[in-house]
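J.: Structure in structure tokens, see below.
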Amino acid sequence: MKVHDVVILGSGPAGLTAAIYAARAGLEPLVIEGLSAGGQLMNTTEVENYPGFPEGIQGPEMIELFRKQAQRFGATFVTGDATAADLSGPPFRVATEEQELHCRTVIVATGASPLELNIPGEKEYAGRGVSYCATCDGFFFRDQEIAVVGGGDTAMEEALFLARFGSRVTVIHRRDKLRASKIMGQRALDHDKIEFRWDSIVEEVLGDGKKVGALALRNVNSGERTEMPCGGMFVAIGHRPNTELFRGVLAMDDQNYLCGGATSQTEIPGVFIAGDVHDHTYRQAVTAAGAGCRAAIDCERWLEAQG
């Protein structure tokens, strides 16, 4: 029975950076890519805020470069998703649809998924006017009319950030009052470039096949349907950490994000966490990569201490 030094779950910036560092340390990491291989960057058309790319880079291209770098140092990859994880070892056991893997350590970098509206046109225009991250994509909507969907703190933060770029930002909320904290809500309400469409939902994203041009809205009280012209729609209704596999096994907060401390070590010795599966504050490629580095170093040191 082959026992791997480390199995990494996830192939976004956190998982791939962990793979680069673990591979360079001679640990020959095995990366289970996940069904959404590459993570959220695969839906990002252009990344301009990652150091080292002054001209910007396409999200999928960046992921491919990360992957090649990890492979160069000896990381190997398994396509598909992890379907089960037994962390009662060591050795730990991680199963995919096709095989069961045994390992001394696990790095969990399964990421988080933005909650979607699941309406017509949303997937079609993802990366072409539909976005889930203002700090990632806001710059591309300079002097355009922008819509933000949501009513919580995240939506207010997105709206305030986007107001720096857009000619106008319209917050679309299905209720008649915000769920956001009072201070965040008031900042948005007081901003001269932010407007609100209360009691409204987006029913469809409209465009010319290349980019977003308008949103079809419906008032939930009157049923009235209207079209609102806009160049971009930012969906800010929250994220869902990909932690189902570890429910009842690893400590989670009330939003099901994995809990961590001063290091990447979890409460199970030999199990480490990195990236958006743990971080719901920053959610940036660069912070996820830093967390992947940290997890790999913690993992290497832990293995060394075990002899």
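Each reported figure results from applying straightforward, stated rules to the coordinates on display, with no laboratory input. Please read all numbers here as calculations on a predicted model, not as lab measurements. So basically every Cβ, Gly included, is an ideal-geometry build from the backbone, and we count neighbours across all protein chains shown.
J.: Residue-wise, which Karplus ³J(HN,Hα) couplings in Hz belong to region 156-166, taking 6.51 cos²θ - 1.76 cosθ + 1.60, θ = phi - 60°, and x for glycine or proline?
T.: Those phi angles translate into 5, 4, 5, 4, 5, 5, 5, 5, 5, 10, x Hz.
J.: Now a separate question. In region 156-191, which residues have a backbone nitrogen under 18 Å from the label point lying 7 Å from Asp208's Cα in the Cα-to-Cβ direction?
T.: Under cut-off, by backbone N: nothing.
J.: Any chance you could run the full-extension gain for Val3 through Asn118? It's 0.36 nm times the residue separation minus the Cα-Cα distance, nm to one decimal.
T.: Full extension from Val3 to Asn118 adds 37.3 nm.
J.: With the cut-off at 1.5 for a/c, could you classify region 236-283 from its C-alpha gyration tensor as rounded, prolate or oblate?
T.: oblate
J.: Something else about it: Long-range amide H contacts for Asp199: which residues qualify at under 5 Å (H placed 1.01 Å from N, peptide plane, sequence gap of 5 or more or a different chain)?
T.: Sorted by chain and number, the residues that satisfy this are His173, Arg175, Asp176.
J.: Same structure, new question: In whole percent, what relative contact order does region 116-235 give with Cα contacts below 8 Å and a gap of six or more residues?
T.: Across region 116-235, relative contact order equals 32 percent.
J.: About the Cα centre of region 116-235, what is the dipole size in debye to 20, counting +1 per Lys and Arg Cβ and -1 per Asp and Glu Cβ, all else neutral?
T.: 180 debye
J.: Compute the relative contact order of the chain as a whole-number percentage, counting only Cα pairs closer than 8 Å that sit 6 or more residues apart in sequence.
T.: For the chain, the relative contact order is 21 percent.
J.: Tell me which of Gly292, Ala159, Gln186 sits at the most positive position along the dipole axis of the chain, charges placed on C-beta atoms (Lys, Arg +1; Asp, Glu -1).
T.: Of the candidates, Gln186 comes out farthest on the positive side.
J.: Calculate how steeply helix 285-305 sits against the longest principal axis of the alpha-carbon atoms of the chain, using the helix alpha-carbon long axis, and give the answer as 0 to 90 degrees to the nearest 10.
T.: Roughly 20 degrees, rounded to the nearest 10.
J.: In nm, what is the difference between 0.36 nm times the number of residues separating His102 and Leu65 and their Cα-Cα distance?
T.: 10.5 nm
J.: Another one. Any cysteines in the chain with zero other Cys Cβ atoms under 4.7 Å from their Cβ? List them, or say none.
T.: Flagged as lacking a Cys partner: Cys103, Cys230, Cys259, Cys293, Cys299.
J.: Would you mind checking the tilt of helix 13-24 against the longest principal axis of the Cα atoms of the chain, expressed as 0 to 90 degrees and rounded to 10?
T.: Once rounded, the angle reads 20 degrees.
J.: Right, next: State whether region 116-235 is rounded, prolate or oblate according to the following rule on the C-alpha gyration tensor (a ≥ b ≥ c being the square roots of its eigenvalues): a/c under 1.5 gives rounded; otherwise a/b larger than b/c gives prolate, and the remaining case gives oblate.
T.: In terms of gyration-tensor shape, oblate.
J.: Please give the charge dipole size of the chain, origin at the Cα centre, charges +1 on K and R Cβ atoms and -1 on D and E Cβ atoms. Round to the nearest 20 debye.
T.: 300 debye
J.: Roughly how big is region 188-288's charge dipole about its Cα centre, with Cβ charges of +1 (Lys, Arg) and -1 (Asp, Glu), in debye to the nearest 20?
T.: The dipole of region 188-288 has a size of about 280 debye.
J.: Same structure, new question: Over the alpha carbons of the chain, what is the largest minus smallest coordinate on each principal axis, giving the biggest first in Å?
T.: Dimensions of the chain along the principal axes of its Cα atoms: 66, 40, 34 Å.
J.: In addition: Quick check: from the Cα gyration tensor, does region 51-134 come out rounded (a/c under 1.5), prolate or oblate?
T.: It comes out oblate by the Cα gyration axes.
J.: Taking the Cα atoms only, what angle lies between the long axis of helix 59-72 and the longest principal axis of the chain, rounded to 10 degrees?
T.: 10 degrees
J.: Let me ask something else about it. Would you pull out the residues with amide H under 5 Å of Thr170's amide H, same chain only if 5 or more places away, H placed 1.01 Å from N?
T.: HN-HN under 5 Å from Thr170: Ile146, Ala147, Val148, Glu195.
J.: Just report the Cα centroid separation between region 1-77 and region 103-145, whole Å.
T.: 18 Å
J.: How much length would be gained if the chain were fully extended between Ser88 and Trp198, taking 0.36 nm per residue of separation minus their Cα-Cα distance, in nm to one decimal?
T.: 34.6 nm
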